[in-house]
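Read through the structure below, which is laid out as structure tokens, and then see the notes.
The values are calculated or read from the model by the stated rules, or taken from the named source; none is laboratory data. None of the values given here were measured: they were computed from a predicted structure. Backbone-built Cβ (ideal geometry, glycine too); neighbour counts: all protein chains shown.
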Amino acid sequence: MIRTQIQLTEAQAKTIKKVAMEKGTSVAEIIRRAVENMVQSSPKMSTQERISRAIEIAGKFRSGKRNISRKHDEYLREAYGQ
């Protein structure tokens with residue numbers, strides 16, 4: 001294993017210590033698991049593949065609205081409840 005240093009806020013350190021105690025493990029192990037979860041959930045496809053997939057899907061769905069280009073801000077406000 002490689003030793004490294006990180007800086008946490010007081011709240012983060014307190015929370016991690018509490019989780020470690022509850023799980024009966026070390027703070028380091030909690031941090032390793034969190035890093036592993038983040039690495040495993042990160043996108044595995046290349047940027048070019050993501051771009052290609054986004055371009056491929058463009059225009060395949062219909063909103064049922066005829067004036068999206070003029071009223072897109074209004075529709076977004078409605079969708080996000082603002």
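Numbers at a glance
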read-out: Subset tally (residues that are of a type in the set (A, V, I, L, M) and within 28 Å of residue 16 (Cα to Cα)) for segment 32-62; value: 4
read-out: Which listed residue, of 58, 11, 28, 20, is in contact with a Ser or Thr (Cβ under 7 Å, 6 or more places away or on another chain) and free of Cβ contacts under 8 Å to residues at least 12 places away in the same chain; value: 20
read-out: Those helices (runs of 4 or more DSSP H) lying entirely in the chain with at least 1 residues surrounded by 10 or more Cβ atoms within 10 Å (Cβ to Cβ), modelled with pLDDT of 90 or more and touching a helix residue (DSSP H, G or I) at 6+ places or on another chain (Cβ under 7 Å); value: 10-23, 27-41
